[in-house]
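Below is one structure, written out as structure tokens; the observations come after it.
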Amino acid sequence: MVRLKLTLKTCVLLTGLVFLLVLPLIASALEEQFYIGMFSRILIYALAAVSLDLILGYGGMVSFGHAAFFGTGAYVVGILAFHGVENSALLHWPLTLLGTENVLLSWPVAVLVSAVLAAVIGAISLRTSGVYFIMITLAFAQMMYFFFISLEKYGGDDGLSLLQRNSVGGIDLGDDTNFYYLCLALLIGFLFLCHRLVNSRFGMVIQGCKENERRMGALGFPTYRYKLLCFVIAGAGAGLSGALMANLAEFVSPSLMHWRISGEILVMVILGGMGTLFGPVFGAAGLLLLEEFLSIYTEHWMLFLGPAMILVVLFARRGLYGSFVEKREKNG
Amino acid sequence: MAEPLLKARGLSKAYGALRATDELSLDVSHDEIHAVIGPNGAGKTTAVGQLSGELESDAGTIYFAGQDITGLAMYKRAHLGLARSYQITSVFLQFTTEDNVAIAIQAHDGHSFRFWRAARTDPKLRGPAREILEQVGLADRADVPAANLSHGEQRQLELAMALATRPSLLLLDEPTAGMGQEDSSHMVNFLRNLKGQVAILLVEHDMDAVFALADRITVLVYGKAIATGTPERIRSDPAVRQAYLGEGD
Amino acid sequence: MYFLLFLQQFLNGLQAGVMLFLMAAGLTLVFGIMDLINLAHGSLFMVGAYLCATVFQQTGSFFLGLAVALPGTALVGIAVEIITLRTLYTRDHLDQVLATFGLILFFNELTKIVWGPRALFLDVPELLSGTVEIIPGAPYPTFRLAIIGVGILVAIFLYLTVTRTRVGMLIRASATNREMVGALGVNVKLLYTLVFGLGALLAGLAGAMAGPLIAVEVGMGEDVLILTFVVIVIGGIGSIRGALVGAILVGLIDNLGRAFLPALFKVFLDPATADGVGSSLASMAIYILMALVLAWKPRGLVPAYG
């Protein structure tokens with residue numbers, strides 16, 4: 001049932017969508033192509049933040065290691081491209097794997113690998129909860145960070161440069177505008193998927209687990225399985241955004257899965273409003289634009305960002321979008 | 001005599017030196033209301049936890065409908081027809097009243113790895129949920145967030161959720177906890193109406209409720225069952241009067 | 001020959017473990033008592049190192065640096081507790097993580113402004129600069145042995161404090177029942193501040209002692225912090241004994257793994273592959289250990305209660 005009421009929510013979302021759709025035109029008109037790349041980055045982080053919100057905001061799982069999946073997705077693209085250019089095999093045994101620069105091969109593999117990694121990390125981490133879960137997800141992300149540092153073949157600490165962006169069909173992704181619209185389309189697609197997901201039976205179970213997992217068990221739900229699958233879906237989403245990030249920067253390095261990236265994605269979700277579908281998108285835009293803005297005035301912008309975060313936590317728990325848009329919706 | 005629906009033998013659970021339940025044995029027959037009473041700290045809630053599978057027992061066995069469920073996970077017991085309510089209300093406060101019942105129904109309507117169709121408009125869940133809300137008298141509160149319900153209504157919802165799983169045995173942990181006189185007698189009436197449809201193990205502090213409802217009563221003191229019998233027998237049992245009511249010499 | 005190498009690596013592991021113990025003890029005390037997860041604990045490690053290094057550069061004395069770093073870090077910790085963390089005790093863990101994450105960014109940037117982006121270096125104090133022959137023909141740096149000694153002393157001190165003193169009794173009591181301790185007329189706020197200060201002091205001690213071994217630079221605290229988390233997860237949250245067990249295990253496995261895994265793999269792989277696989281595995285060894293412990297005992301090896 002679609003009701004297109006002119007509520008605050010629809011106004012805000014429509015304005016946001018229109019803005020994002022025409023942004024490349026504006027940027028070109030102003031001859032500030034730089035904005036297209038900047039907003040591509042925002043869209044990519046938004047995708048990662050939305051995926052984290054699935055487990056954090058809806059599932060109540062406070063993961064401080066989401067960058068592990070983000071970085072892994074990026075590395076898969078990087079490594080496949082590396083072998084694609086070299087025309088060498090990535091693996092000889094048990095089966096021969098060749099590199100590729102094709103989006104339709106490379107990105108699904110990135111998503112798949114990230115999902116498998118999430119399944120392994122999730123299976124172990126979800127045996128615990130609360131503060132243990134926070135520390136364990138952080139530790140596993142750090143493990144992946146060190147793992148990629150130890151891969152000398154793929155640049156170790158220094159990372160790996162891509163010769164060019166991946167290609168698909170006749171679309172030239174090397175063109176920033178094309179790439180931007182692809183990011184936007186994927187974000188919208190993912191948001192739609194999440195919208196279905198959180199309102200489905202599966203989504204109800206996940207939200208029930210957030211509020212009272214014990215009760216869900218008493219009702220007859222094997223909660224672990226549902227939470228694990230949710231964790232895997234979130235990992236896959238982060239993997240996709242990582243694949244995009246590798247293409248945007250044409251470069252991957254272990255710093256993509258540094259704990260600070262995990263922290264920033266977490267802050268995006270909170271800043272925008274966790275447990276809301278669109279909040280993380282606003283959060284990603286808010287945080288990255290704030291960083292850009294502060295860095296104009298001072299190279300020590302983190303000196304202000306840190307305390308700002310503390311203030312958000314202390315006084316604006318529902319986040320930007322959460323407090324201003326969703327709240328009024330509910331009351332109205 | 002027919003095999004009881006629930007048969008617990010020698011259940012024990014210790015927290016350090018404290019023995020919450022100690023060699024506790026208990027039967028619940030089909031269609032019976034079996035009340036468990038005892039002073040604070042007698043191990044009543046622990047016993048419910050062990051029976052429902054939330055707590056792992058140190059020793060003892062539990063049979064339900066002829067099946068050994070001693071090591072079975074809580075959610076599997078729920079699927080066999082064992083439902084429980086909580087002493088401290090644990091409904092989903094952010095869900096609406098109807099959502100709460102619907103999710104209980106969903107738990108017993110196949111798996112929930114269904115990702116696409118909206119659950120809130122699914123007639124397979126919403127229809128039965130409405131029926132149960134009618135039954136417990138919460139139908140007019142269906143769309144209210146559970147957080148906005150009164151305490152008495154939340155207790156009713158708590159019970160409605162347990163009922164929605166279509167159990168053959170209800171484990172009710174103090175269903176009238178914190179209720180006023182009026183709400184409390186509503187609850188007693190409601191439970192009386194359930195008699196014959198479902199077996200109930202009732203843990204309760206309110207003695208009026210217990211003696212009004214129970215077919216049999218077990219008295220728990222320091223984790224041990226010191227007496228089991230009809231309300232009349234329990235009322236006159238000297239050991240019970242001494243240990244529980246603090247009477248005697 | 002291999003035995004000597006092993007002994008040396010074993011002691012290195014022990015020394016690393018002791019460092020981790022100093023960090024983990026403070027973090028686990030704060031968690032056990034205040035139910036606070038403090039990501040900025042690593043920043044206190046960094047503060048301790050910087051204070052010690054600064055005094056050392058001015059005076060040339062490591063011990064003077066230590067004498068400033070310990071109370072200095074404790075004071076910084078207490079100030080942070082009073083200004084921000086105090087309000088977070090009643091918040092959920094997510095809030096605590098985010099706010100203390102903000103603190104890390106703040107501390108890192110502030111350090112960069114005050115001390116500049118370049119790393120500082122600290123020399124091993126002259127008194128401890130030599131080596132000791134632990135067994136004939138096996139010299140080992142005195143400084144590292146001294147660290148191990150300090151760690152043992154701190155462990156004994158903490159054990160006695162927690163089990164034998166009135167403060168320790170309050171610490172144990174408030175970990176199990178917060179309201180009760182308040183009701184007994186104990187100034188819980190003051191108790192919390194003191195405990196936090198003690199945790200900060202231990203982190204500062206670890207940081208100052210690490211100064212001569214690693215580069216004193218911005219961000220040095222975070223790697224240690226994450227290792228500390230691994231220690232706590234392995235040992236069991238809120239348990240000092242667990243912190244000790246976990247720290248020693250992590251220290252040993254990390255060092256021995258890095259030293260011997262590549263060689264071990266050379267037995268059945270070609271050298272280049274063995275180096276790659278061995279060093280990859282060594283860098284992940286402690287996390288794999290953590291995963292194994294969790295699979296076996298989800299609440300850690302020495303859980304605090306029950």
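The values are calculated or read from the model by the stated rules, or taken from the named source; none is laboratory data. Note that the coordinates shown come from a computational prediction; the quantities given were computed from them, not determined experimentally. Cβ atoms come from the backbone with ideal geometry, glycine included; neighbour counts cover every protein chain shown.
Among (1) in contact (Cβ under 8 Å) with a residue 60 or more places away in the chain; (2) within 13 Å of chain B (Cβ to nearest Cβ); (3) at positive phi, there is one condition A:GLY220 misses while meeting the rest; what is its number?
(1)
Which one is farthest from the other protein chains (Cβ to nearest Cβ), of the residues in segment C:109-124 that are part of a helix (DSSP H, G or I) and more than 12 Å from C:VAL216 (Cα to Cα)?
Out of the qualifying residues, it is C:VAL114.
Sort through A:GLU299, A:GLU250, A:GLU292 and tell me the only one that's within 11 Å of chain C (Cβ to nearest Cβ), closer than 22 Å to A:PHE34 by Cα and of a type in the set (D, E, K, R). First the steps, then the outcome.
Numbers: A:GLU250 fails: within 11 Å of chain C (Cβ to nearest Cβ); A:GLU292 fails: within 11 Å of chain C (Cβ to nearest Cβ).
The conditions single out A:GLU299.
With (1) crowded, with 24+ Cβ neighbours inside 10 Å; (2) within 28 Å of C:ASP92 (Cα to Cα) as the list, and A:SER106 as the residue in question, which single condition is left unmet?
For A:SER106, the failing item is (2).
Report whether or not C:ALA99 is modelled with pLDDT of 90 or more and more than 8 Å from chain A (Cβ to nearest Cβ). So that I can check it myself, show each step before the final result.
Details: modelled with pLDDT of 90 or more: yes; more than 8 Å from chain A (Cβ to nearest Cβ): no.
Criteria not met by C:ALA99.
Output the number of residues of segment C:260-280 satisfying the condition of being within 9 Å of another protein chain (Cβ to nearest Cβ) and within 17 Å of C:GLY13 (Cα to Cα).
Keep residues of segment C:260-280 that are within 9 Å of another protein chain (Cβ to nearest Cβ), which gives C:275-276, C:279-280.
Those still in the list that are within 17 Å of C:GLY13 (Cα to Cα) too: C:279.
Final tally of qualifying residues: 1.
Output the number of residues of segment C:151-189 satisfying the condition of being modelled with pLDDT under 70, charged (D, E, K, R) and surrounded by fewer than 11 Cβ atoms within 10 Å (Cβ to Cβ).
1
When the residues of segment A:164-179 are filtered to those that are hydrophobic (A, V, I, L, M, F, W, C) and modelled with pLDDT of 85 or more, which remaining residue is surrounded by the most Cβ atoms within 10 Å (Cβ to Cβ)?
A:PHE179
State whether the residues of segment C:77-85 include one that is within 13 Å of chain A (Cβ to nearest Cβ) and over 30 Å from C:VAL302 (Cβ atoms).
Yes, because at least one residue in segment C:77-85 is within 13 Å of chain A (Cβ to nearest Cβ) and over 30 Å from C:VAL302 (Cβ atoms).
Scanning segment C:242-255 for residues that are surrounded by fewer than 24 Cβ atoms within 10 Å (Cβ to Cβ) and under 18 Å from C:PRO298 (Cβ atoms), which turns out nearest to the other protein chains (Cβ to nearest Cβ)?
C:LEU249
Please determine whether any residue of segment C:221-239 is more than 10 Å from every other protein chain (Cβ to nearest Cβ), in a helix (DSSP H, G or I) and in contact with a Cys (Cβ under 9 Å, 6 or more places away or on another chain).
No; the residues of segment C:221-239 include none that is more than 10 Å from every other protein chain (Cβ to nearest Cβ), in a helix (DSSP H, G or I) and in contact with a Cys (Cβ under 9 Å, 6 or more places away or on another chain).
When the residues of segment B:74-98 are narrowed to those that are of a type in the set (Ser, Thr, Tyr) and outside any loop (DSSP other than H, G, I, E, B), which ends up farthest from the other protein chains (Cβ to nearest Cβ)?
Checked segment B:74-98; the qualifying residue farthest from the other protein chains (Cβ to nearest Cβ) is B:THR97.
I'm trying to understand the selection: among the residues of segment A:105-136, which are over 22 Å from C:VAL224 (Cα atoms), assigned to a helix (DSSP H, G or I) and either of a type in the set (Gly, Ala, Ser) or within 14 Å of chain C (Cβ to nearest Cβ) (or both)?
Passing the criteria: A:SER106, A:ALA110, A:SER114, A:ALA115, A:LEU117, A:ALA118, A:ALA119, A:VAL120, A:GLY122, A:ALA123, A:ILE124.
Filter segment C:282-298 for residues that are more than 8 Å from chain A (Cβ to nearest Cβ) and over 24 Å from A:PHE148 (Cα atoms); which is surrounded by the fewest Cβ atoms within 10 Å (Cβ to Cβ)?
Restricting to residues being more than 8 Å from chain A (Cβ to nearest Cβ) and over 24 Å from A:PHE148 (Cα atoms), the top hit is C:TRP296.
Does B:VAL198 count as closer than 22 Å to B:GLY49 by Cα, under 15 Å from the mean Cα position of the chain (by Cα) and assigned by TED's automatic domain parsing to the domain that holds B:ALA42? Can you show your working first?
Working: closer than 22 Å to B:GLY49 by Cα: yes; under 15 Å from the mean Cα position of the chain (by Cα): yes; assigned by TED's automatic domain parsing to the domain that holds B:ALA42: yes.
The answer is yes for B:VAL198.
What's the number of the condition B:GLN181 fails, among (1) within 30 Å of A:CYS230 (Cα to Cα); (2) surrounded by fewer than 16 Cβ atoms within 10 Å (Cβ to Cβ)?
(1)
Only one of these is among the β-branched types (Val, Ile, Thr), at pLDDT below 80 and either more than 29 Å from C:THR111 (Cα to Cα) or buried (at least 19 other Cβ atoms within 10 Å of the Cβ) (or both): A:VAL312, A:VAL325. Name it. Lay out the reasoning, then the answer.
Details: A:VAL312 fails: at pLDDT below 80.
Just a single option satisfies the conditions, and that option is A:VAL325.
Look at B:ARG114 and say whether it is within 23 Å of the chain's Cα centre (by Cα), within 7 Å of chain A (Cβ to nearest Cβ) and among the charged types (D, E, K, R).
no
Looking only at segment B:131-138, decide whether some residue is in contact with a Ser or Thr (Cβ under 8 Å, 6 or more places away or on another chain), assigned to a helix (DSSP H, G or I) and within 14 Å of chain A (Cβ to nearest Cβ).
no
If we scan segment B:46-55, do we find a residue that is over 18 Å from the mean Cα position of the chain (by Cα) and away from chain A (no Cβ under 11 Å)?
First, the residues of segment B:46-55 that are over 18 Å from the mean Cα position of the chain (by Cα): none.
No, because not a single residue in segment B:46-55 is over 18 Å from the mean Cα position of the chain (by Cα) and away from chain A (no Cβ under 11 Å).
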